[in-house]
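**Q** The structure follows.
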Amino acid sequence: MRASRGEKLFYMINYVLLSLIALSCIVPLMNVIALSLSDANAIMSGKVSLLPVGWTLYSFESLFKGTPILNAFWNSVEITIIGTILSLVVTIMAAYPLSRRQFYARSFFTMAMVFTMIFSGGLIPTYLVVAKLGLVNSYYALWLPGLASAYNVLIMRTYFSNIPYELDEAARIDGCGELRILFNIMLPLSKPVLATIALFYGVGFWNAFMSVMIYINDTAKYNMTVLVQNMIKSTSMVQDFSDPDMIANLTPDGIRAAAVIVMVIPILLVYPFLQKYFVKGVMLGSIKG
Amino acid sequence: MDNTSVVPLHQKEREATRRLRKRRFKSNLPLLIMFTPVVLYFVIFKYVPMGGLIIAFKDYNFYDGVLNSPWVGLHYFEQLFQDPRTLEIIRNTFVLSLLSIVFGFPVPIILAIMLNEVRNMMFKRTVQTIVYMPHFLSWVIIAMMIMTMFSLENGLINKFVELFFGEPYPFMYNNGSWIAVFISSGIWKDMGFNAIIFLAALTTIDPSLYEAASMDGASKGKQIFHITLPGIRSTIILLLILSMGRVMEVGFDQVYMLQNSNVNEIADVISTYIYRTGLQGAQFSLTTAMGMFESLVAFVLVVGANYIARKYNEGLW
């Protein structure tokens, strides 16, 4: 079918607008990358826009030498990996029974869980519970209160219950118990939803900010988001001024930009691999259930 | 000898149901064991805090704890609704989140329709990959980018402003422009990701409808209004109900990182108030009352929106 003139115009405007939208997502990132790789003079005289001016790695060098960013990086890694595993396991433990037809009181438990999505005790009462359990200043305060989100449990439950019941029955006739069915049939068939939900939890833990501010007092335990936020707020962010050469080449903008790059890189590295999964996962979430 | 023939029928039935029940229990046992920690989690970290809301009606102190602190009735709620400062915070929360929904809700729908109209698959996939990405970046990163872009000295955007108007504009220090930056940064971060769900809904529309409409001479605009939008109606309503729950909620990270002392009178919201006054200022009862007000309004809005949607057979439950 040939496009009419009006349609051609429509398509052209559409392409231009979409390109502009995509550009709006790239330009800020390019700006930060350029800042992180430019020398101090160029940054201060405002010559840096989208490409680095006067290539240098000084900002990164002073970031790693003068700030505890490396320590914070490993803290972020620890928070993310353990938190994601814990959350994923508990989400499976919640979703699998709720997807079984023979499970007692499954509609009651589902309702009780959905209710937590639309009403909550809020920050202070949750804080009091966490404090009462003695979890303040430990990473368990980050992992436990957000262990399983009802939303993710519902997505996974829907996915499990869409796996044909015949498979389940056949396995049962062959003498498989519930756990064998879960491990040998359900989980291998659910890789897309597991990857999606792991991604959601993982990104949540990697970007954790408020929970760290609330529950972690020990600065050595800060993750990158809180450390970088503190660096952005304060003016003197580099503690180690032993190298005079370095001071001359230092600007707060450059170091901030370098810190942001260190935070973004891990996400950019895993993002392309997970994209197909999260698109699928969000679509799963759109199924009413 | 056949034993079963002498057993009365109802007894046989009872025997069968007993066995069935036993089998059901046997297959339920591992599920129950698996589910117990989940129940514990939801009770301890979701339902116990809901019970903890009673401190909004008490004068909470550390020594007496949640249960033994003295009752004060609605004292803290009265205080909240009489103090002009807290009223201002409630108003700010409403304004920012309402503007976010009003301007932010249609954007992913429009973006999804635009992407759906792209015929070049390479282009479509590239744009999708790029616009989904900001959703995964933390607000620390995005706030830093925003402050760099809008910076008075050498900010990329202010360089353009300077080029056209002669001098840079203090975007982050004026109430109106701060709100605009706040709202649009929120929209920008999540528009791509929120478009995914609408893109999924769009794939369910029968393509022959477009062909027929095009044959009958319907323009692109007409096709979008009469085929595309009605085709994804139930998804739109579903998400609108869910977004109602966020009317009282302005994400802490975003506000906390973008706000500055110049715009405090419009940028201070419930979540930052609870953090500052509640946790840092240790006014637990007062801020719990504020949190409870927030939760209740959100709850009523979600239930109300669902009630209305149900009248049109589009309810969530």
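**Q** Mind scanning B:124/B:159; A:191/B:124; A:65/A:221; A:132/B:46 and naming the pairs with a C-alpha gap bigger than 20 Å?
**A** B:124/B:159; A:191/B:124
**Q** Further question: Among B:218, B:305, B:243, whose Cα sits farthest toward the positive end of the charge dipole of region B:215-317 (+1 at Cβ of Lys/Arg, -1 at Cβ of Asp/Glu, about the Cα centre)?
**A** B:218
**Q** With the cut-off at 1.5 for a/c, could you classify region A:57-289 from its C-alpha gyration tensor as rounded, prolate or oblate?
**A** prolate
**Q** Here's something else I'd like to know. Which value in deg cm²/dmol, rounded to the nearest 500, describes the helix-derived mean residue ellipticity at 222 nm for chain B, given -39,500 (n - 2.57) per DSSP H run of n ≥ 4 and division by the residue count?
**A** -21000 deg cm²/dmol
**Q** So if we plug the beta-carbon distance of residue A:17 and residue B:205 into 1/(1 + (r/R0)^6) with R0 = 30 Å, what FRET efficiency do we get, rounded to 0.05? Numbers along the way, then the final one.
**A** Details: r = 22 Å, r/R0 = 0.72.
With R0 = 30 Å, the Cβ-Cβ based efficiency is 0.90.
**Q** Considering every residue in B:50-58, what mean count of other chain Cβ atoms within 10 Å of its Cβ is obtained?
**A** 4
**Q** Using per-residue counts of other Cβ atoms within 10 Å, averaged over each peptide, order A:64-72, B:164-172 from highest down. Each step should come with its number before you reach the end.
**A** On the way: A:64-72: 17.8, B:164-172: 13.6.
The peptides rank, most packed first, as A:64-72, B:164-172.
**Q** Then there is this: Could you please report the charge total around residue A:191, scoring K, R as +1 and D, E as -1 over all other residues with beta-carbon less than 13 angstrom from its beta-carbon?
**A** +2
**Q** Toward the positive end of the charge dipole of chain A, about the Cα centre and with charges on Cβ (Lys, Arg +1; Asp, Glu -1), which of A:167, A:68, A:118 goes farthest?
**A** Of A:167, A:68, A:118, it is A:167.
**Q** Helix-only mean residue ellipticity at 222 nm, chain A, DSSP H runs n ≥ 4 weighted -39,500 (n - 2.57), per residue, nearest 500. What is it? Walk me through the intermediate numbers first.
**A** Working: 14 runs with 198 residues, N = 289.
After summing the helix terms and dividing by the residues of chain A, the value is -22000 deg cm²/dmol.
**Q** What size of dipole, in debye to the nearest 20, comes out for chain A about its Cα centre when the only charges are +1 on Lys and Arg C-beta atoms and -1 on Asp and Glu C-beta atoms?
**A** The calculation lands at about 1060 debye.
**Q** What does the C-alpha gyration tensor say about the overall shape of region B:82-311? Classify as rounded when a/c is under 1.5, otherwise prolate if a/b is larger than b/c, or oblate.
**A** oblate
**Q** Given R₀ = 41 Å, FRET efficiency for residue B:87-residue A:233 by Cβ-Cβ distance, to 0.05?
**A** Once the sixth-power term is evaluated, E becomes 0.90.
**Q** Distance from the Cα centre of region B:41-113 to that of region A:132-177, in angstrom?
**A** Result: 29 Å between the Cα centres.
**Q** Give the relative contact order (percent, whole number) for region B:99-216; include only Cα pairs under 8 Å separated by 6+ residues. Could you put the intermediate results ahead of the total?
**A** Working: 85 pairs, mean separation 48.7, N = 118.
Reported relative contact order: 41 percent.
**Q** Now for a separate question. Taking chain A as the reference, fit the longest principal axis to its C-alpha atoms, fit the long axis of helix A:5-37 to the helix C-alpha atoms, and give the angle between the two in degrees, 0 to 90, nearest 10.
**A** With both axes taken from Cα atoms, the answer is about 60 degrees.
**Q** Does region A:1-109 classify as rounded, prolate or oblate by the C-alpha gyration tensor (a ≥ b ≥ c root eigenvalues; a/c under 1.5 gives rounded; else a/b over b/c gives prolate, otherwise oblate)?
**A** oblate
**Q** Continuing with this model, one more query. Averaged over its residues, how many other protein chain Cβ atoms are within 10 Å of peptide B:191-203's Cβ atoms? Could the numbers behind the result be given before it?
**A** Working: counts 2, 3, 3, 1, 1, 8, 5, 1, 3, 8, 2, 0, 1.
Partner-chain Cβ atoms within 10 Å, mean over residues of B:191-203: 3.
**Q** A follow-up question, please. Treating the angle as unsigned and between 0 and 90°, give the value, to the nearest 10°, between the Cα long axis of helix A:69-99 and the longest Cα principal axis of chain A.
**A** 20
**Q** Now a separate question. Output the DSSP H helices from chain B with an along-axis C-alpha extent of no less than 27 Å and a mean Kyte-Doolittle hydropathy no less than -0.5.
**A** B:9-42, B:84-104, B:175-202, B:284-311
Any read-out appearing in this document is the output of simple, stated calculations on the displayed coordinates, not a laboratory observation. Since the structure is predicted, the reported quantities are computational estimates derived from the model, not experimental observations. Cβ sites come from the backbone with ideal geometry, for glycine too, and all protein chains shown count toward neighbours.
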